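I'd like to ask some things about the structure below.
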């Protein structure tokens, strides 16, 4: 937008000048982008390639001499191990439940923030606090609220000595609760931004035509917010899929609450089993690619908005 | 009448949001003031029976926490600064210039924002050890700034696109030198966007946990989130719970202050990067 406007202001240049200026602009643009590009390649692309290579070897840091080429052996080992599938299921449950709840809750919050008059900025300030708090602190807060010897939850709900962290599903419930508390603000702010963009006249016209509130929501509000909803969903889904902090702090992966990111961490860092660990890393990366692909191609999420290159 | 009733409903909704957002914080503060020796019980209460400062004394006399606080502040600030400067160059080019690779850079930033960092801890762990930057500030600053870059680039390019750049030329036509035009016209217009981006980037770096526990092993570079997860209490006989809450309160204070001071900017920044600028 700005580009074309600036150009219109300038006098129509001679052809030779255009190529000169264009070449200069090109070189400057590339130079200015180079640092960002180099840093990103050095820290992500190169290690990823390195992980692919390592994943083809049997390689433990504790036994460097035993390094040997095993081809796709590590992948076969990982994919036939029940731990991978259990962690996959855990991650899937956390992602689906937390994103679904957050979408509904986030919509509610966005509507309230849009309509509320009294204390509007107070509400907006309040909602940013869970967004800004560190996830590890959030995990501890919720863990100690539910923990038997320190928490108030069982007293308030009259649950006696029910141990929330004693089995898989109740542990996952608390993990998901912390995740929802911390990340709903983000999704609700994205939805609010989408909501604000709907022209008030559209709502007004629908109201004049006798549409009920439910009809306006379904026929006017939601269709006009589709782009914002899809972008919020994509971001939150991938974010939830990579969940690590909450299960690490709350359960340390006990009772089958380990997630895929946690598994990658444990194999690579705790067990320094870099061969199989790298295979897990590559598989984790592929799952993310698949999810992004489903959103972009399957649901036609328009990323040019996010990317900003309209 | 109807309007009034509706507005009362929205106010109630607003109150519910506030309770929802702040109630866990109240619990954190309350727990941080409980007596570490006696707070555990068969029937725990929400508020302390006796409010004590002991836990705050514990965290500030524990080298694990004080060095972690220093590391967190240093690493987050440096990573934020570098990320914002690098992103500023890129965002300026993206907003104002036409060059090959512009779309590629934006797509790459997007891909990295979605990247599973856990997939990198193995290779980075190995690379950092052979480069000799494992368990150092620089070893955390580099990945922190990399993963913060996409956020910085989008947010800032969204802000930069809204700047009326023609004003720079207008000032030059009016007799200002190129430097004056930039300094007096463009810098004041661009500064709010850069500042907002810096706040969001700082939150991101302040929160980072996975890399902090994977790429450090001692107090040298361990940040607060990592230290929290390793904290075992003032003595082996004392529960660390109340001290961990006190430390959590301490690291939440900067977040609360930034949110209170810059609520509007943070809101604008969060939405500018993600939905049309």
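Rule-based calculations on the coordinates, nothing more; no lab input. The structure displayed is predicted, hence computed values, not measured ones. Because the Cβ atoms are built from the backbone with ideal geometry, glycine has one as well, and the counts that use them run over all protein chains shown.
How well do other chains shield peptide A:207-218, expressed as the mean number of their Cβ atoms within 10 Å of each residue Cβ?
0
Helix B:121-131 against the longest principal axis of chain B: what's the angle in degrees, Cα atoms only, rounded to the nearest 10?
The helix B:121-131 is inclined about 80 degrees to chain B.
Which order, highest average first, do B:13-22, A:81-90, B:81-90 follow once you tally other Cβ atoms within 10 Å for each residue and take the mean per peptide?
B:81-90, B:13-22, A:81-90
Sticking with this one: Given the peptides B:148-161, A:237-250, arrange them by the average over their residues of other C-beta atoms within 10 Å, most packed first.
B:148-161, A:237-250
Is the C-alpha gyration tensor of the protein assembly as shown telling us rounded, prolate or oblate? Criteria: a/c under 1.5 is rounded; beyond that, a/b larger than b/c is prolate, otherwise oblate.
Oblate.
When Cβ neighbours within 10 Å are restricted to other protein chains, what is their mean count per residue of peptide A:148-154?
Partner Cβ neighbours, averaged per residue: 6.
Take every residue in peptide A:112-121, count the Cβ atoms of other chains within 10 Å of its Cβ, and give the average of those counts.
5
What does segment A:15-69 give for Rg and for Dmax, in Å, if only its C-alpha atoms count?
Taking only Cα atoms of segment A:15-69, I get Rg and Dmax of 21.1, 66 Å.
Could you state the angle between the C-alpha long axis of helix B:187-207 and the longest principal axis of the C-alpha atoms of chain B, as a value from 0 to 90 degrees rounded to the nearest 10?
Helix B:187-207 and the main axis of chain B meet at about 30 degrees.
On C-alpha positions alone, give me the angle between the axis of helix B:2-32 and the longest principal axis of chain B, in degrees, nearest 10.
The helix B:2-32 is inclined about 60 degrees to chain B.
Please sort B:3-11, B:113-121 by packing, taking for each peptide the average over its residues of neighbouring beta carbons within 10 angstrom, highest first.
Top to bottom by mean Cβ count within 10 Å: B:113-121, B:3-11.
I would also like to ask the following. Mind checking which of A:297, A:182, A:226 has the largest fluctuation in a GNM of chain A, springs on alpha carbons under 10 Å?
Of the options given, A:297 has the highest mean-square fluctuation.
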